[in-house]
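A quick write-up on the structure given underneath.
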Amino acid sequence: MSLGAAGESDVFLLLMAAAGGSPTIVEYFGGEDGYRCGYCKNETGNLSHGMWAHSMTVQDYQDLIDRGWRRSGKYVYKPIMNQTCCPQYTIRCQALHFQTSKSHKKVLKKMLKFLSKGDASKVVSEEEPMDSHIEDAVACDFAYKGESHVSQSELTPLSVDHTERVENEDQHTGEEKEEGNVQKVESDSLQLHADKETPVPGEPSRSAKVVHAPPKPGKGADLSKPLCRKAKDIRKERKLQKLLQNQTCAVEGSQLQATDQVLLLQNSKSKPNQPKTIEDFIFVSLPDDAQHKLEVRVVRSSPPSSQFKATLQESYQVYKRYQMVIHKDPPDKPTINQFTRFLCDSPLEAENVPNGPECGYGSFHQQYWLDGKIIAVGVIDILPYCVSSVYLYYDPDYSFLSLGVYSALREITFTRQLHEKAPDLCFYYMGFYIHSCPKMRYKGQYRPSDLLCPETYVWTPIEQCLPLLEHSKYCRFNQDGKAVDEGRIKELGRVRVLHKRTVMPYSVYKKRRKGPSDEASVQQYASLVGQTCSERMLLFRS
């Protein structure tokens with residue numbers, strides 16, 4: 001007997017309450033036909049696997065991007081690395097250990113000079129790429145092609161009890177006894193754990209201690225006397241209170257607590273003879289007569305917060321100007337609908353946990369407000385282990401500020417801020433690194449960083465990857481020839497399926513299915529998402 005619309009909605013709410021949130025529900029489309037590559041311009045050379053995500057938990061998406069997937073709106077895709085014309089390697093920066101380069105410092109100083117003195121030099125260095133997240137503009141082209149037209153009622157699991165009955169049905173078949181041991185995977189199984197490979201912040205160096213010899217007469221410092229304090233450190237302390245007034249970094253429109261900013265400043269103080277940290281540049285106090293005021297606001301885009309709704313039109317107009325000037329779009333494109341589907345819609349479910357960031361996990365827009373107007377927007381996802389950069393667009397009138405680089409540096413700083421509240425969150429994911437496209441190699445300048453091995457899904461320092469990529473555009477970075485994908489699919493029958501509003505393991509669905517077998521497609525899907533996600537996510541089958 002079919003439930004009415006109201007009944008379905010009530011059951012779904014009960015299911016969400018019991019499971020701790022909406023589960024991940026996806027439709028897998030398989031390998032796409034070749035489409036135009038935005039890098040080498042090959043008309044059919046860009047190949048990827050794709051699926052439409054109706055909903056997705058942040059843990060599932062974290063696990064997926066750690067297997068080479070990325071999202072564009074609600075479309076989630078994975079390049080077919082050994083076939084696509086321009087292989088795209090997932091890259092992450094170790095935000096806690098990030099050190100600014102000379103070119104990064106130039107951009108930060110240029111911004112400070114502009115804010116302080118109004119210096120609007122239009123000269124842009126060629127080594128400072130303006131569009132720091134251009135690869136996802138390419139993804140925009142196929143984001144709409146894969147949209148699902150499945151109704152919500154078809155995606156709504158009927159009930160938890162019904163799901164359990166279907167699973168129990170499989171336990172008594174006797175044909176596949178191992179399926180009887182399938183444990184129920186709840187949506188609230190989100191577990192945050194530290195990456196074992198992450199270096200411990202503040203861990204003492206293993207290098208030998210340096211023995212200082214007494215300086216020769218008239219040369220060097222007298223080590224028996226206390227170190228002289230630098231004038232800039234004294235000025236920094238005097239201007240601490242001004243910093244709290246002039247430098248704002250708002251989350252949902254409200255300023256950070258004063259104590260948090262004090263701690264950030266104290267933690268960022270450079271030790272003697274050590275290079276400045278990124279915070280030393282970003283949180284420096286501005287003079288009282290500063291010409292401009294820059295404010296960064298983080299607003300939730302999905303589900304849209306009141307602040308996000310209030311600024312949607314202004315944000316869209318900035319994007320439209322950006323597309324027209326930077327990407328040469330005609331005046332009638334992109335429409336507000338295209339903008340919303342590409343940069344505002346997200347399958348990620350908002351989550352708030354006690355040991356997570358105060359703003360929660362999910363999808364956000366990081367808005368850059370200059371003197372009361374939006375000049376740039378960074379689209380980001382906040383996930384259990386990282387801040388993932390999705391896209392950046394800006395007002396072309398401010399191209400001289402190198403906003404692509406500046407926003408990336410701000411997002412690294414934001415990652416470090418979130419780490420203070422969420423210890424497991426310590427990486428900054430920059431999307432894809434494309435070595436075969438010289439203009440896209442700049443992401444490798446954010447060090448230390450790692451690339452994801454496309455075969456074993458282990459992280460490898462980029463310094464070890466670059467020599468390999470010089471010889472071949474497709475590479476397996478893991479040099480252990482015996483190493484395999486530890487997360488590979490081992491039991492296809494355990495893959496979770498949503499069929500006729502009922503959740504069941506694939507082994508049960510396979511017996512009920514009428515028509516030709518779809519095992520090859522399900523096998524491909526499971527191998528790409530891995531065993532863990534395949535048992536946690538729901539694969540929609542009509």
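The values are calculated or read from the model by the stated rules, or taken from the named source; none is laboratory data. Remember, it's a predicted structure, so these values are computed and weren't measured experimentally. Methodologically, a virtual Cβ is constructed for each residue, glycine included, from the backbone with ideal geometry; neighbour enumeration extends over all protein chains shown. These area figures cover heavy atoms from the full protein model, side chains too; ligands, DNA and RNA do not enter into them. Shrake-Rupley method; radii C 1.70, N 1.55, O 1.52, S 1.80 Å.
Structural remarks
- Rounded to the nearest Hz, the phi-derived 3J(HN,Hα) couplings of segment 60-73 under the Karplus curve 6.51 cos²θ - 1.76 cosθ + 1.60 (θ = phi - 60°) are 5, 5, 4, 5, 5, 5, 7, 10, x, 8, 8, 10, 9, x, where x marks glycine and proline.
- For the pair R441 and D33 in one chain, pulling the backbone fully straight at 0.36 nm per residue adds 144.2 nm over the alpha carbon distance.
- Ranking S101, S363 from most to least accessible surface, computed with a 1.4 Å probe over the protein chains only, gives S101, S363.
- Solvent-accessible ranking of E420, E295, largest area first, probe 1.4 Å: E420, E295
- Across segment 399-413, coupling constants 3J(HN,Hα) worked out from phi with the 6.51/-1.76/1.60 Karplus curve, θ = phi - 60°, read 4, 5, 8, 6, 5, x, 5, 4, 5, 4, 5, 5, 5, 5, 4 Hz, and Gly and Pro carry x.
- Taking all protein chains together, H471, H104 sort by accessible area into H471, H104, largest first [probe 1.4 Å].
- Loop trypsin sites (Lys or Arg not before Pro), segment 470-542 (other Cβ atoms within 10 Å of the site Cβ: 14 or fewer; DSSP): K482, R488, K490, K500, K514
- Annotation: extensible slack from K482 through D371 equals 34.2 nm (criterion: 0.36 nm per residue apart, minus Cα-Cα distance).
- Distant-in-sequence amide contacts of G431, defined by a placed amide H-H separation under 5 Å and a gap of 5 or more residues or a different chain, comprise I91, S389.
- In this structure, the residue pairs whose Cα-Cα separation is over 24 Å, taken from K74/K511; K113/K309; K439/K473; K110/K443; K74/K373; K74/K293, are K74/K511; K113/K309; K74/K373; K74/K293.
- The solvent-accessible area of K74, taken with every protein chain present and a 1.4 Å probe, is close to 60 Å².
- E314 - accessible surface, heavy atoms, 1.4 Å probe, Å² rounded to 10: 70 Å²
- Separation of the K490 and T335 label points, Cα + 7 Å toward Cβ, nm: 4.9 nm
- Across segment 360-377, computed HN-Hα scalar couplings (Karplus, 6.51 cos²θ - 1.76 cosθ + 1.60, θ = phi - 60°) run x, 9, x, 9, 9, 10, 9, 8, 9, 9, 10, 6, x, 9, 6, 10, 7, 9 Hz from first to last residue, x flagging Gly and Pro.
- Per-pair calculated FRET efficiency, R0 = 56 Å: K421 and K328 via Cβ, rounded to 0.05: 0.85
- Inter-label distance, nm, simple model (7 Å from Cα along the C-beta direction), Q291/L468: 4.8 nm
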